[in-house]
1. Quick one: which helices (runs of 4 or more DSSP H) sit completely within the range 132-202 and have at least 3 residues that are under 17 Å from the mean Cα position of the chain (by Cα)?
2. For the condition touching a residue at least 12 places away in the same chain (Cβ under 8 Å) and not small (G, A, S), what is the one hit in P268, P295?
3. Given V108, V21, V61, which one is touching a residue at least 40 places away in the same chain (Cβ under 8 Å), buried (at least 21 other Cβ atoms within 10 Å of the Cβ) and closer than 22 Å to E381 by Cβ?
4. Right, F65: aromatic (F, W, Y) and over 23 Å from W242 (Cβ atoms) or not?
5. Go through (1) in contact with a Lys or Arg (Cβ under 9 Å, 6 or more places away or on another chain); (2) crowded, with 18+ Cβ neighbours inside 10 Å; (3) not hydrophobic (A, V, I, L, M, F, W, C) for D241 and report which single condition fails.
6. For the range 44-66, what are the residues that are over 20 Å from the mean Cα position of the chain (by Cα), at pLDDT 95 or above and farther than 20 Å from L91 by Cβ?
7. I'd like the residue in the range 33-45 that is farther than 17 Å from V372 by Cβ and not polar (S, T, N, Q) and, out of all such residues, is surrounded by the most Cβ atoms within 10 Å (Cβ to Cβ).
8. If a residue has to be assigned to a helix (DSSP H, G or I) and of a type outside the set (A, V, I, L, M) to count, how many in the range 322-365 make the cut?
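The values are calculated or read from the model by the stated rules, or taken from the named source; none is laboratory data. This is a predicted model, so every value here is computed, not measured. FYI the Cβ positions are ideal-geometry reconstructions off the backbone, even for glycines, and counts take in every protein chain you see.
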Amino acid sequence: MRVGISTSVIQRGKTGVAQYVFALLRALAPHAQRHQFTLFVLEEDRPLFEFAADFARVVPVSERFRPPVQNIFWHQACLPHLARVHQLDVLHVPSYRRMLAPRPCALVATIHDLAPFHVVAKYDWKRMWYGRVIARRLAWRQDAIIAISQNTARDINRFFGLPADRISVVLNGLAHDRFFPGDRERARATVAARHDLRRPFFLYLARLEHPGKNHVRLVNAFDEFKRQTGSDWQLVFGGSDWHGAEKIHQAIRNAAFAPDVRTLGFVPDEALPDLYRAAATFVYPSLYEGFGLPPIEAMACGCPVITSTRGSLGEVVGQAAATVDPENIAAMADQLRRLATDPAWRNNLRSAGLIQARKFDWNLAAAATMEVYERAARTMETAMPAPAPQVG
């Protein structure tokens, strides 16, 4: 089977979708013994895919198609032609905002979440409209949709009206060869030398996006925690600036304990495990997630986790995390205080998290994804998908 994968939505490797693409490709490598993989990659992103050179063909895409509008145009006008040129059996687009309308071969798309239906003003109005209206129609053009959680599958059925037999739930995996407890003291020394973090700290890894990732409320909760306890703990944010990041930076500047709030910017993949191991507690108070991979990565590295249960987070963390209402600042401050002052509770969460993290594996995800490709290819051979319903 000849499989094509569009990678132009990875935002230079600095998003959760990028981590999904990279991890899935690595796990698909053994399947290249029986199948051919073609990756469509923006020219400046090609170094990020050097790891795939031994098992996949890389087709460069001009940088003029990087901006969102031009990238949508490329997917609709250029990618179908390339799919025919390369005689693809299946084309996988790992983003619902880039799903194809033309059908040059079997189409598979991954929908990570339908956050525009849940979080007001998560994006600008154009992106919100595209996600709510255009993407709904495009979903009906696909032969198969991959949902990365049961929660996302329910959302696709609810908001797009897509029947359950067109949706395959393939849970995100975890790279257990990278994310494991390791030597915590060595990790702390490494992080201290790299970032000058020498006191216990709460860690939040997510792009600096407002309001969806809820950084501002966490800053306020951290202020309250510091006032209540007089603790020397710090709050550390790792992630690139995104929509609304200026509001997060302003909240940090206005914080009563601003010197104890640190922003690291984008954290490279290779530095993530040690940062998780060095953190005293991982905090993930997101307003909505289609999966929420960082809490599981933290658990796998032996870091106790506080998280909201919005979207799929409750499904993913199970009973292995401390949970909080992400809109209740006082409750969030209470959980910060409890984790900082109760080492026994931290140890209990650490043990439960290690067990929970073992449930996720990228090799299993890759095998399930290959099954989706095969079913989609068979569907393309036998029938066209049903027409999209009228909007409105």
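1. So the answer is 150-155.
2. Just a single option satisfies the conditions, and that option is P295.
3. Testing whether each residue is touching a residue at least 40 places away in the same chain (Cβ under 8 Å), buried (at least 21 other Cβ atoms within 10 Å of the Cβ) and closer than 22 Å to E381 by Cβ leaves just V108.
4. no
5. The one condition D241 does not meet is (2).
6. E44, P47, E50, F51, E63, R64
7. Looking at the filtered set, the residue picked out is F40.
8. So the count comes out to 16.
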